[in-house]
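Reading through the structure tokens given below for one structure.
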Amino acid sequence: MKIIETVSAMQAWSRAARAAGQRVGFVPTMGYLHEGHLSLVREAKRRAEVCVVSIYVNPTQFGPKEDLSKYPRDFDRDRKLCESVGVDVIFAPTNEEMWGKNGVGSSTWVEAAAVSERWEGASRPGHFRGVCTVVAKLFNIVLPDVACFGQKDAQQCAVLRRMVRDLNFPLEFVVCPTVREPDGLAMSSRNVYLSPTERQEALALRHSLELARRELAAGRTIDEVSAAMTSLIAGKPSARVDYIAIVDTETLLPVKRHEPGRTLVAMAVFVGKTRLIDNETF
Ligand code: AMP
């Protein structure tokens, strides 16, 4: 497994792989890898001959009051995990390599307007502009044929799918299912922030999604479902709802009525100081 730190070496490696007739699979990450990330690697390897994982904590997608400086990092552990699942290249650039000598930031930004506006976009201003810009850059650096993303970040998938379509990135955009801990908590690098009590109360996300499934199947209105979820979460002292979105899977606009297979229930909840997200399509 190779570790590449520069843009030019990464592009040269991918060009050589493609010239040799190999498709390049790509999994962008911020590191502190878990089984969710590894499931994306496995999917990329099913669809392409070689697999590149990027490990880069992108400052432009963090707000000024967010957890950029304390975001968990362990490159050595990540390297071993990547090796264990047969990753060919880790691309791990520095901020200077990504943004230049004058500091983090860009004159050119990529924004997928409508689909970015609500939910995560409203709670985290500038977040999706940072995500789109870094992912567009990474696509131009890694030159993938296939790129894999996790359904756990449902709105990110919708935003990036839109960007790929609007800007004609020549790649296959793949969304993989959310990987969960045995008790149902969606895996996340941020779960390490949780105290033992918060870890237990964080199950309210999962449980409220299960409640939504039952309530929708029983024909409750969208408002009733949302209220039931909110009250379940309110029962956990450390949890506070940021948003609960019951929306169309593609447009991410609120739905008036449940249409099986098209209703996305997505949520962000603070558990203590940690902001967690989860979603399911029903
Ligand atoms: P991150 O390192 O958190 O930015 O995530 C990198 C990629 O892994 C994104 O496409 C995420 O959606 C995906 N991912 C994160 N957590 C999970 C999970 N529990 N299951 C599946 N994919 C995930």
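A quarter of the convex hull surface defined by the alpha-carbon atoms of the stretch 91-134 gives 3.7 nm² as the mean projection. Annotation for the stretch 79-139: trypsin sites (Lys or Arg not before Pro) lying in DSSP loop with at most 12 further Cβ atoms inside 10 Å of their Cβ are Lys101.
Kirkwood analysis of the Cα pair distances in the stretch 116-249 returns a hydrodynamic radius of 17.0 Å. Label-to-label distance, Ile3 versus Lys65, with points set 7 angstrom from Cα along the beta-carbon direction: 3.6 nm.
The C-alpha atoms of the chain define a longest principal axis, and helix 203-217 lies at about 60 degrees to it. Once both axes come from the Cα atoms, what is the angle between helix 154-166 and the longest principal axis of the chain, in degrees from 0 to 90, rounded to 10? With both axes taken from Cα atoms, the answer is about 50 degrees. Computed from point charges on the beta carbon alone (+1 for Lys and Arg, -1 for Asp and Glu), the dipole magnitude for the chain about its Cα centre is near 140 Debye. The simple spin-label model puts a point 7 Å past each Cα toward its Cβ; for Thr221 and Ala19 those points are separated by 6.5 nm. Binning the alpha carbon pair distances of the stretch 23-102 at 10 angstrom intervals from zero yields the distribution 18, 46, 29, 7, 0, expressed in whole percent. Per the Kirkwood formula applied to alpha carbons, the stretch 189-281 shows a radius of gyration over Rh ratio, Rg over Rh, of 0.99. For the stretch 67-116, the list of GluC sites (Glu not before Pro) that fall in a loop by DSSP and count at most 15 other C-beta atoms within 10 angstrom reads Glu111.
The chymotrypsin sites (Phe, Trp or Tyr not before Pro) of the stretch 99-178 include none that meets both criteria, a DSSP state outside H, G, I, E and B (loop) and at most 10 other C-beta atoms within 10 angstrom of the site's C-beta.
Normalise the Debye intensity by I(0) for the stretch 43-199, one equal point scatterer per Cα, no solvent, then take log10 at q = 0.13, 0.16 Å⁻¹ and round to two decimals. Evaluating at q = 0.13, 0.16 Å⁻¹ gives log10 I(q)/I(0) of -0.70, -1.11. Working from Cα pairs under 8 Å separated by at least six residues, relative contact order for the chain is 17 percent.
Magnitude of the charge dipole for the stretch 81-167, about its Cα centre and with charges confined to Cβ atoms of Lys, Arg (+1) and Asp, Glu (-1), is about 340 debye. Projecting the Cα atoms of Val179, Ala202, Asn191 onto the charge dipole of the stretch 178-223, computed from C-beta unit charges around the Cα centre, puts Val179 farthest toward the positive end. Computed from phi, the 3J(HN,Hα) profile of the stretch 221-231 under the Karplus parametrisation 6.51, -1.76, 1.60 (θ = phi - 60°) reads 6, 4, 5, 5, 5, 4, 5, 5, 5, 4, 6 Hz, with x in place of Gly and Pro. Note: the chain, Cα convex hull, 130 Å³ per residue.
Shape annotation for the stretch 199-249: C-alpha extents along the principal axes are 30, 18, 18 Å, from largest to smallest. Using 0.36 nm per residue and subtracting the Cα-Cα separation, the extra length available between Glu117 and Arg213 on full extension is 32.0 nm. Between the helical axis of 7-19 and the dominant principal axis of the chain, each derived from Cα atoms, what acute angle in degrees is found, rounded to the nearest 10? On a 0 to 90 degree scale, this one is about 80. Each residue of the stretch 170-187 was assigned a 3J(HN,Hα) from its phi angle through the Karplus curve 6.51 cos²θ - 1.76 cosθ + 1.60 (θ = phi - 60°); the sequence is x, 8, 8, 9, 10, 10, 10, x, 5, 9, 10, 5, x, 8, x, 5, 5, 5 Hz, with glycine and proline shown as x.
How high is the FRET efficiency from Arg165 to Asp248, r the C-beta distance, R0 22 Å, rounded to 0.05? That gives a FRET efficiency of 0.80. A simple spin-label model places the labels of Asp76 and Arg180 3.5 nm from each other, with each point 7 Å out along Cα-to-Cβ.
All of the numbers you see were taken from the coordinates with simple rules; none came from a lab. Keep in mind that this is a model prediction, so the values were computed, not measured. Counting neighbours? That spans all protein chains shown, and the Cβs are built from the backbone with ideal geometry, glycine included.
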